[in-house]
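In what follows, a structure is listed as structure tokens, so that the remarks can point back to it.
The values are calculated or read from the model by the stated rules, or taken from the named source; none is laboratory data. What you are looking at is a predicted structure, and each value in this text was computed from that prediction instead of being measured. In this analysis, Cβ positions are derived from the backbone assuming ideal geometry, glycine residues included, and neighbour counts consider all displayed protein chains.
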Amino acid sequence: MRSSDHNGTVLAKSIEEPVEISSVGTTARPGPLTANLIRSIGIIGAVSILPLVMPINIATEILIFGIFAMAANLLIGTAGLYSFGQAAFFGTGGYAAGYLLAHGWTSLPLALVVACGSGGLIAAAVGILSIRRLGIYFMMLTFAFNQLVYYIVYSWRSVTGGEDGLAGIRRPVLELPFVGSFSFDDNRSFYALASVLFLATMIVLVRMVNSPFGLVLAASRQNSRRTVSLGYPVPMLQLVAFVIAGAISGVAGALFAMLYRIMPIDSVHWTGSAYVVFMVVIGGQRNMLGPVIGAAVFIWLQGLFSLVWTRWPLLLGVFVIVIMASLPNGLVGFVSKLSSWTVKGRGQRQC
Amino acid sequence: MPIAQTRRDVLLSAVALAAAPILPAWGQRAGVVTMGVITPTTGTFAYAGDLVARGASLALEMHGGSVLGNAVRLLTRDDEGKPASGVRRVQEAATSDGMRYFIGAYSSAVGLAESEVAQREKLLQFAAGGSEDFTGSRCGRYTFQWSAHPYTAMRATLEYVRKTFPQKKTIYTLTADYVFGHALLKYTKIVAAELGFELVGNDNHPSGERQYTQYLTKAVAARPDILLLNTAGADAVTAVRQFASFGAENIAVVGPWSLEVDQLAELAPEMRTGLVLGQNYYPDIDTPANREFVGTYTKKFSALPGYSSAYAYDAVRALLMAMEKANSTEVPDVIKTLEQMSWDGVLGRMSIDPKTHQLIRPYFVVRCKQASDMRHAADFADIVANGDKPQPPELNECKQMPAL
Amino acid sequence: MLWLISAQLVNGIAIGMIYALMSFGLSIIKGLLNIPNFAHGALYALGAYLCYSVVSLGMSFAVGLAVAFLGAALAGLALDRFAIQPVSGSGYLPQLITLFGAALVIEQALLIGWGTVGLSYSPPPILRGAINLGFTIVPRYIAFASVFSALVISAVWLLIERTKFGAYVRAGIERPETTQALGINVDLLLSAGMMLGAGLAGLAGGLALPLVGATSTMGGDMLGIAFVVLVIGGLGSLYGSIAAGVLVGVVQSLMTIAAPAASTAIIYAVMIGVLLLRPQGLFGER
């Protein structure tokens, strides 16, 4: 029989995948200092090379959707909350920041705080109403809330620009005391801003995932009931994760609004939510690099396929089906597998 | 859960990241003029993309493939009918491919978003679309509008109705609930006052609506003489289709800017019969340039051209003409030339209003035929009138055009 | 005013029946395979195109509807075989993603097969025109479509409640493990359920052809509504979607009297209202 988690409860799965309650509370294996260093240098290096090998606006988009996908992965990969409504928070952040930037408030910290706050706030409202639903129920609820937000944005034309999107957005300015003000009108300086926020998000999320908070979330993904019976307030922690993911998605949305200086209505549509789940699943859910790779591959493929054939979404669909059937753990999972074949006897691997 | 588990992971991932999207970055080469055809081949307007590209390449081909000794390269990109994708493709083509001219937006939302990039990156955009904002509140020195102004369209269409059916006096409107529909409704009121029609009711429907029976029940109950569709594209097709099932034959259906010739095939002949429609283009237009265009197009593609192809053809043709006249392929020179140019295009004598960048051009009214009167599958209608009354200047919201 | 309300009520019930047909298929698939079928909209579009092809070959509309049902059912079988089964071991997220991918493939294949320009078909002459009920007029085709939907739904209800196959289906929904243990081939049962659900989507598409025509994007429009209907009806209830479909149709129709522009947004608001009062949906059991 096919093992589908029926009605959200895990039957067969919990047997295959024993819960590592023992690891809750202990931090993950701290890698040697050099490995950490190489890791960081590798990522910073990749971020610096990116704009040299592709149009800079595409490189910036990869970082923005990388942020968005990492936030989604906090829910999908860590907490096991399959949200299909992340575009609502991306959109809320983008519209809120975009509205300020289009109406003369061009301070960068203000724009980011508003994006973060509004994304988090809407996520809190949606989360409170849906976090206690399990599995498929949660997914469809978030989907429906996403559509509700979409129609609100669509109808509230005086603020959002409705169907035409919110236009006239200006790039923000960063005023630093004693240093002077930075403007991000140049695409390279905007890329730098996106990289800083990207790296900051990555650090925050990786630390969060390895913190006791993240480990309890992971434990509740594997077996929610047992984690609750150990005394952890699982729904509360899941709600917190949901709000954090919403806030970070809001920042990604704000960056997106600044990038092209418009906030288009289709960025709030549920297909945006589906695409970010794509990115996470294609890249791999088990670490934070996966979603970023997924975002890069997804954006790159979209561009590539659309040059190859006018019916390019078909290629995208086939690609997704093939990837899912052949690499259920995503691209990064595949790479790990390769390296574990080549490096045998390297001890236990940990998720 | 570390970022990546081993050094090898990091290296492999870094390589994967770096080697990912290497697009060919040619840059603006000397002796090459790069023109973008940014058009939807997927999404709601998927039908338009290939037709726009056909028209553009035909214009270039008939011009010999080059201008002033420079080769002309056409870049075709899919904007998916979405503003973000359109802006992304324009930005990308401008920075990595050296594109300086582009045509082809199909939806106004996309075109207006692209127009902002055009002003900032100093790219010449020859747009088409229903929104009056192109040449109104969001006008710009780098953007030109090929399609007729909604006022011109409304006036030409209702003038025909007034003359041909003097007994029809009351109008019920069905309006798409977004900027385009509201602009048409605004001009419906103005033109109805000018021509002496009475407006007896209006319903707004959300764009993308697929159920019109509830609006149509209301409209039919009001017993108007005319049902005026201030809605376009797939919405208009669906509304007409569902109206046909009411069998309310004493109500004339009029679409001032609802269905271009490209989309008429979507309706079965019995649904079309008797429709009065405004058209930006119709293949029967009798001008030398259009005869040449239709002849070559039909020979090459074995089909009649429609609005999408004609627009792309005429816009590219006018751009190449302006470059030759300016004796330059620099954007500012071409803009200044276009602003003063008057030429014989496919629609007839055409010129640009330098204050708004609106193309001054005739607009056509057609009446759809019965199935038995059609001479071939694409013989949908007869041109019954045309008009070119421009928008009254006091209604225009385009402030001073900026310096180049 | 009363006139208008009753007119829209009749109209809403009629439209709601088509929603119900669409969502009923979704509900069967959800019940048996425990996945929201993201390709349901694409199957609906496929039904419309297939029906168009049949009638434009000169065959009757009834044959068109039959082909729409069978064609979509076969597509459902293919989906089950090539998109759902290969990833069934890895939880339902990969299944969702592959279904979404499959929807992209189907929609583009429709554009390749039938062209990018939408298609129209007028219903057979007997179904054209309108019926005057005195207080309102109802287009004949709308009346036909709602009665037909009701008949199909009743037939499927009989199939599920009164036949051996139906008993297996109910068992598969309520106790999949026990069903397997009893020696019933659950894999086969799931495939059959997928075919039935997909077929109903195709049938709904064929039925919608004279109303909305055939376009490649028609599926996306319908999918959102079908999901909302499913949630309002209650995800755990097989038949809740039927009543919810009618409810959504009526609410949408009545809303056009007060604020037409909000008629789509209102169904999402209704959904959230229902969930606040009854988190398990109108007919869902806890």
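Consider A:Ile128 carefully, then state whether it is surrounded by fewer than 17 Cβ atoms within 10 Å (Cβ to Cβ) and within 14 Å of chain C (Cβ to nearest Cβ). It is true that A:Ile128 is surrounded by fewer than 17 Cβ atoms within 10 Å (Cβ to Cβ) and within 14 Å of chain C (Cβ to nearest Cβ).
Would you call A:Ile58 surrounded by fewer than 22 Cβ atoms within 10 Å (Cβ to Cβ), farther than 29 Å from C:Ser90 by Cβ, modelled with pLDDT of 85 or more and β-branched (Val, Ile, Thr)? No: the conditions fail for A:Ile58.
For B:Gly43, the stated conditions hold: it is closer than 17 Å to B:Gly129 by Cα and more than 15 Å from the chain's Cα centre (by Cα). Whether any residue in the range C:80-88 is over 17 Å from A:Ile321 (Cβ atoms), among the small types (Gly, Ala, Ser) and in contact with a helix residue (DSSP H, G or I) (Cβ under 6 Å, 6 or more places away or on another chain) is what I want to check. No, every residue in the range C:80-88 fails to be over 17 Å from A:Ile321 (Cβ atoms), among the small types (Gly, Ala, Ser) and in contact with a helix residue (DSSP H, G or I) (Cβ under 6 Å, 6 or more places away or on another chain). Restricting the first member to the range B:247-263 and to residues that are free of Cβ contacts under 8 Å to residues at least 24 places away in the same chain, and the second to residues that are part of a loop (DSSP other than H, G, I, E, B) and crowded, with 19+ Cβ neighbours inside 10 Å, no beta-carbon pair is closer than 6 Å while six or more apart or on different chains. What about A:Ala28, is it modelled with pLDDT of 50 or more, at the interface with another protein chain (Cβ under 7 Å from one of its Cβ atoms) and surrounded by 14 or more Cβ atoms within 10 Å (Cβ to Cβ)? Spelling it out, it is not the case that A:Ala28 is modelled with pLDDT of 50 or more, at the interface with another protein chain (Cβ under 7 Å from one of its Cβ atoms) and surrounded by 14 or more Cβ atoms within 10 Å (Cβ to Cβ).
Please find, among B:Ala315, B:Ala381, B:Ala322, B:Ala403, the residue that is small (Gly, Ala, Ser), more than 30 Å from B:Glu249 (Cα to Cα) and not assigned by TED's automatic domain parsing to the domain that holds B:Thr76. Show your work before the answer.
Numbers: B:Ala315 fails: not assigned by TED's automatic domain parsing to the domain that holds B:Thr76; B:Ala381 fails: more than 30 Å from B:Glu249 (Cα to Cα); B:Ala322 fails: not assigned by TED's automatic domain parsing to the domain that holds B:Thr76.
The unique qualifying residue is B:Ala403.
Filtering the range B:210-239 to residues that are aliphatic (A, V, I, L, M) and facing chain C (nearest Cβ under 9 Å) leaves B:Leu216, B:Val220, B:Ala221, B:Ala234, B:Val237. For residues in the range A:281-293 being under 16 Å from A:Phe198 (Cα atoms) and part of a helix (DSSP H, G or I), which is farthest from the other protein chains (Cβ to nearest Cβ)? Taking the candidates together, the pick is A:Pro291. Taken over the range B:164-186, residues that are without any contact (Cβ under 8 Å) to a residue 60 or more places away in the chain and either assigned to a helix (DSSP H, G or I) or surrounded by fewer than 21 Cβ atoms within 10 Å (Cβ to Cβ) (or both) amount to 9. Annotation: C:Leu110 fulfils all but one of (1) modelled with pLDDT of 90 or more; (2) on the phi > 0 side of the Ramachandran plot; the unmet one is (2). If only residues of the range C:116-168 that are surrounded by 14 or more Cβ atoms within 10 Å (Cβ to Cβ) and of a type in the set (D, E, K, R) are counted, the one that is modelled with the highest pLDDT is C:Arg140. Of all residues in the range C:233-254, those satisfying the criterion of being at pLDDT below 90 and facing another protein chain (nearest Cβ under 9 Å) are C:Leu235, C:Gly236, C:Gln252, C:Ser253, C:Leu254. Within the range C:148-158, is even one residue β-branched (Val, Ile, Thr) and either touching an Asp or Glu at 6+ places or on another chain (Cβ under 6 Å) or without any contact (Cβ under 8 Å) to a residue 24 or more places away in the chain (or both)? No: the range C:148-158 contains no residue that is β-branched (Val, Ile, Thr) and either touching an Asp or Glu at 6+ places or on another chain (Cβ under 6 Å) or without any contact (Cβ under 8 Å) to a residue 24 or more places away in the chain (or both).
Here B:Gln28 qualifies as modelled with pLDDT under 50 and more than 12 Å from chain A (Cβ to nearest Cβ).
The criterion of at least 1 residues that are small (Gly, Ala, Ser) is met, among strands (runs of 3 or more DSSP E) falling completely within the range B:330-373, by B:342-345, B:348-353.
Just the residues that are more than 14 Å from B:Tyr172 (Cα to Cα) and within 23 Å of the chain's Cα centre (by Cα), please, taken from the range B:208-239. Residues satisfying the conditions are B:Gly208, B:Glu209, B:Arg210, B:Ala232, B:Gly233, B:Ala234, B:Asp235, B:Ala236, B:Val237, B:Thr238. Close Cβ contacts (under 6 Å, 6 or more residues apart or on different chains) running from residues in the range A:164-190 that are within 12 Å of another protein chain (Cβ to nearest Cβ) to residues that are surrounded by fewer than 20 Cβ atoms within 10 Å (Cβ to Cβ) and acidic (Asp, Glu) comprise A:Arg171/A:Asp185. Against the definition (farther than 26 Å from A:Gly253 by Cα and in contact with a Lys or Arg (Cβ under 9 Å, 6 or more places away or on another chain)), how does B:Tyr151 come out, yes or no? When the stated conditions are applied, B:Tyr151 passes them. Contact annotation: residue pairs with Cβ atoms under 7 Å, 6 or more positions apart or on different chains, pairing a residue in the range C:33-57 that is free of Cβ contacts under 8 Å to residues at least 24 places away in the same chain with a partner that is in a helix (DSSP H, G or I), are C:Val54/C:Val63; C:Val54/C:Gly64; C:Val54/C:Val67.
Selection within the range A:66-95: residues that are hydroxyl-bearing (Ser, Thr, Tyr) and part of a helix (DSSP H, G or I). The member of this set that is nearest to A:Val280 (Cα to Cα) is A:Thr78.
Across the range C:86-103, what is the total count of residues that are facing another protein chain (nearest Cβ under 7 Å) and either outside any helix (DSSP H, G or I) or touching a residue at least 40 places away in the same chain (Cβ under 8 Å) (or both)?
Qualifying residue count for the region: 4.
Scan the range B:119-143 for residues that are surrounded by fewer than 24 Cβ atoms within 10 Å (Cβ to Cβ) and closer than 13 Å to B:Met35 by Cα and the total you get is 2.
Looking for whichever is free of Cβ contacts under 8 Å to residues at least 60 places away in the same chain, assigned to a helix (DSSP H, G or I), more than 11 Å from every other protein chain (Cβ to nearest Cβ) and touching a helix residue (DSSP H, G or I) at 6+ places or on another chain (Cβ under 8 Å) here; the options are C:Ala204, C:Ala192, C:Ala167, C:Ala198. Which one fits? Explain how you work it out, then say what you get.
On the way: C:Ala204 fails: free of Cβ contacts under 8 Å to residues at least 60 places away in the same chain; C:Ala167 fails: touching a helix residue (DSSP H, G or I) at 6+ places or on another chain (Cβ under 8 Å); C:Ala198 fails: free of Cβ contacts under 8 Å to residues at least 60 places away in the same chain.
Just a single option satisfies the conditions, and that option is C:Ala192.
On the stretch given as the range B:68-95, residues that are under 14 Å from B:Thr34 (Cα atoms), in a strand (DSSP E or B) and under 21 Å from the mean Cα position of the chain (by Cα) total 4. All conditions in (1) more than 30 Å from A:Val216 (Cβ to Cβ); (2) more than 19 Å from the chain's Cα centre (by Cα); (3) touching a residue at least 60 places away in the same chain (Cβ under 8 Å) hold for A:Gly94, with the sole exception of (2). Checking A:Ala96, A:Ala125 one by one, the residue that is within 14 Å of A:Val268 (Cβ to Cβ) and of a type outside the set (Ser, Thr, Tyr) is A:Ala96 and no other.
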